[in-house]
């Protein structure tokens, strides 16, 4: 009996994690696609120096960060992966979303300041490890760069 | 170098592949569970082949002594305990005439090492544990009508000991637990580890059920050699089966085969008896109102 209760709790948590996690992910992706289209005019580059035509621009640091949590379903898939090895594609989509969201937030900041280009884009990722012991971890992704703001803005 | 006019649209499905997460989960879960079940099965099989060959003296040294749960000082209890010992010893003597795979049972577990105890438990139960210790609960006594009924229960437990089931079950539990702890131990996700472990443990239950049926078969042979017939052998299961409290749960999740199935086995064997099935009355000290 105890075994069955344990299995039932496990599968309920798994189903909830799957349903909510999946819904959140697809909604987030729709949002990302729409916002990327809106901010496409803010060019993001990772070169270190301003292009020749923008040497007179004012520079400003802009950054965007996001903290995103793993859902129960993804941790289960990842734990199973830990046993056999291979791509943890459940985490790949999670981190893809986090990086793109961070860049979008950075672009929004740049857009507010009237910038048209952001150079020297860099990423940093940190694990928020408070609850990492229980495998339900969160990651922070920080994107930062130098916004080039044209004269008169 | 000219500056792009806008950020490019990167095609989807390169960084984050469009694999269906549920499919990945199902494939992984099925694969890992199958692997674990196969491992547990292989380990159990290995234990089953090896455990019966361990000397009984080792088992005796490792066995914790069964504490008596009844009041040994009270006169009726002491008399009941004595009567149980007496019946146990008599059955043991008869069991020595039934060889195990051509071997003398005495050479496997010496008859003088057996201990019988009456336990003051509220459930009708009997069990055999490490070190040839056999316990019968007080409540069981009210579930049998004659000495033959109790003899079948005792013979079943004697059979477990002679077939080396207690050491097999204990070794198997330990080996499997160590193996699972090694594989799943570092798995930070307790519930997943627990569920995979629980799944593998279900595999063990089939081994337990097989042991019960083996013990039943040997018990029937012992009882037949002792009384010359199987009259009354089905008493305990008949009374348990008619008990409204007895649950009929899925057989797969039980350590014991269903009462019905065991009753059927015993009653089929009883039909082969041609002599009249006269049962012996229960010793006075062991009589309990049903």
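Bear in mind that the values in this text are calculations on the coordinates, not laboratory data. Since we're looking at a predicted model, the values are computed, not measured. Every residue, glycine as well, gets a Cβ built from its backbone with ideal geometry; the counts of neighbours run over all protein chains shown.
Among B:226, B:53, the order by Cβ neighbours within 10 angstrom, fewest to most, reads B:53, B:226.
Peptide A:4-10 has a mean of 4 when you count, residue by residue, the C-beta atoms of other protein chains within 10 Å of its C-beta.
Dimensions of the protein assembly as shown based on its C-alpha atoms, expressed as ranges along the principal axes with the largest first, amount to 114, 43, 43 Å. Here the Gaussian network model covers chain B, with springs between Cα atoms less than 10 Å apart; of B:126, B:30, B:62, B:30 fluctuates the most.
The stretch A:1-33 and the stretch B:93-172 have their alpha-carbon centroids 49 Å apart. For the pair the stretch B:18-55 / the stretch B:195-230, the C-alpha centres are spaced 23 Å from each other. By the count of neighbouring beta-carbon atoms within 10 Å, fewest first, B:104, B:82 end up ordered B:104, B:82. Placing dummy labels 7 Å off each Cα toward the beta-carbon, the span from residue B:261 to residue A:87 is 4.5 nm.
Per residue of the protein assembly as shown, the DSSP helices (runs of n ≥ 4 H) give a summed -39500 (n - 2.57) that works out to -18000 deg cm²/dmol at 222 nm. For peptide B:13-24, the mean count of partner chain Cβ atoms within 10 Å of a residue's Cβ comes to 5.
When chain B is treated as a GNM with alpha-carbon contacts under 10 Å, the residue of B:137, B:242, B:200 showing the greatest mean-square fluctuation is B:242. Go ahead and set up a Gaussian network model of chain B, Cα springs under 10 Å, then flag whichever of B:64, B:21, B:110 fluctuates most. Its mean-square fluctuation being the largest, the pick is B:21. Each label was represented as a point 7 Å from its Cα along the Cα-to-Cβ direction; for residue B:26 and residue B:86 these points are 6.6 nm apart. The convex hull of the Cα atoms of chain B, projected and averaged over all directions, covers 23.7 nm².
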